[in-house]
Amino acid sequence: MTMARSKIVDPNITLWYHCISRCVRGAFLLQSSLDRGKQWIEDRLRLLVRIFCIDVGGYGILDSHLHLLLRLNVKLAKAWSKEEVLTRWAQLYPPRGPDRQPVKSLKQWIEEKMSDHKFVNNARRRLADLGWFMKSLKEPLARLANAEDGCKGAFWAARYKSIAILDEQALLATAAYIDLNPLAAGVVKLPEEARFTSLWARLEGCREQDRLHQLEHLKDSTVIDPLISRQLEEGIWLCPIDDQHGSSDTRAGFLDGFSLVHYLRLIDATSRLFREGKARVDKAAKPLLERLGTTLQTWSETLKQMFASEPFGVAFAFSRKRLREFAARRKCRHMVNLNGCPAETT
């Protein structure tokens with residue numbers, strides 16, 4: 001049964017959410033020879049993370065649907081000044097006067113609106129809201145596509161799916177699932193070949209910063225200096241893999257001490273589950289998974305189950321304790337784990 005979004009999205013439980021949105025009737029509306037729709041979504045995501053206090057940790061744009069791994073940052077929105085809120089809102093929805101024409105002076109509009117506390121509070125709330133982020137991503141593309149095709153009607157299926165990510169293992173499993181989706185679907189033969197994914201964007205960022213040689217040099221390292229780890233992800237618009245925001249002014253990331261190198265190694269090992277002749281997860285991944293508090297077997301079973309069918313459920317965790325906490329918060333007896341994925345007993 002469908003659950004109200006307000007009962008799924010709760011920053012007090014988790015800041016991370018896996019959002020899935022499909023084109024109407026599962027049609028390949030994002031498929032084209034130039035991939036214009038996919039490029040538009042990628043460009044739009046880059047813009048929205050500069051406006052909203054929501055970060056993108058992962059994304060995968062396919063012909064008929066898209067996956068997003070999003071992190072809420074409600075505390076940041078509360079810290080913004082009224083001027084900051086209105087400036088950001090004006091970037092999202094350029095203000096118009098009574099004649100429906102763009103206002104002549106944005107500065108004057110901001111000064112006038114600063115005394116409208118209800119408007120400012122609503123804008124502040126919306127700039128931290130998952131639903132408004134998805135609306136601001138999907139609606140403009142639907143209008144643009146319909147205008148180009150000279151048609152009317154729905155572009156996206158009415159409701160996007162959101163899954164609460166409850167622990168670190170589930171977070172990395174979701175990120176891997178999103179980045180490996182094109183590989184599992186047979187669209188590409190290697191993970192790094194999948195365009196319009198966060199994996200591609202991370203590698204492209206390293207290429208632009210001339211840091212690919214560092215990745216190659218560090219590929220067998222077990223311990224990576226935090227400074228080097230931070231440098232590897234400089235200039236990348238996505239959430240960093242290594243979460244160093246507790247000790248610096250960097251953005252929040254996935255996991256403290258878990259670098260981009262570690263993530264790429266985990267992606268490579270996991271991808272072997274779906275590559276012909278390489279069905280076994282490499283033993284080199286075992287120490288990485290042990291750091292996450294899970295096992296090679298649980299990781300393999302979970303990822304295989306995730307790819308076996310359409311994701312369903314409203315929460316995902318490796319820990320039964322976290323599932324019980326989420327259910328209690330939602331005043332439910334129990335909460336079905338994503339796809340019935342196996343959960344650790346702790």
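Observations on the structure shown:
- Segment 225-237, residues that are closer than 17 Å to Leu212 by Cβ and either modelled with pLDDT of 90 or more or not assigned by TED's automatic domain parsing to the domain that holds Phe196 (or both): Ile236
- Failed item in (1) in contact with a helix residue (DSSP H, G or I) (Cβ under 7 Å, 6 or more places away or on another chain); (2) surrounded by fewer than 12 Cβ atoms within 10 Å (Cβ to Cβ), with Ser136 passing the rest: (2)
- Residues in segment 151-165 that are of a type in the set (A, V, I, L, M, F, W, C) and closer than 13 Å to Leu69 by Cα: Ile163, Ala164, Ile165.
- Residues of segment 247-288 that are farther than 26 Å from Trp16 by Cα, among the small types (Gly, Ala, Ser) and either outside any helix (DSSP H, G or I) or at pLDDT below 65 (or both): Gly277, Ala279.
- The residue of segment 119-131 that is surrounded by the most Cβ atoms within 10 Å (Cβ to Cβ), among those that are outside any helix (DSSP H, G or I) and in contact (Cβ under 8 Å) with a residue 40 or more places away in the chain, is Leu127.
- Set Trp132, Trp156: member being within 26 Å of Leu30 (Cβ to Cβ) and touching an Asp or Glu at 6+ places or on another chain (Cβ under 9 Å): Trp156
- Residue in segment 295-303 that is touching a Leu at 6+ places or on another chain (Cβ under 9 Å) and either in a loop (DSSP other than H, G, I, E, B) or surrounded by fewer than 13 Cβ atoms within 10 Å (Cβ to Cβ) (or both) present: yes
- Qualifying residue in segment 161-172 (condition: exposed (fewer than 15 other Cβ atoms within 10 Å of the Cβ) and of a type outside the set (S, T, N, Q)): no
- Subset tally (residues that are in contact with a Gly (Cβ under 6 Å, 6 or more places away or on another chain) and crowded, with 23+ Cβ neighbours inside 10 Å) for segment 182-211: 2
The values are calculated or read from the model by the stated rules, or taken from the named source; none is laboratory data. Predicted, not measured: the structure shown is a model, and the values here were computed from it. We place every Cβ from the backbone using ideal geometry, glycine too, and count neighbours over all the protein chains shown.
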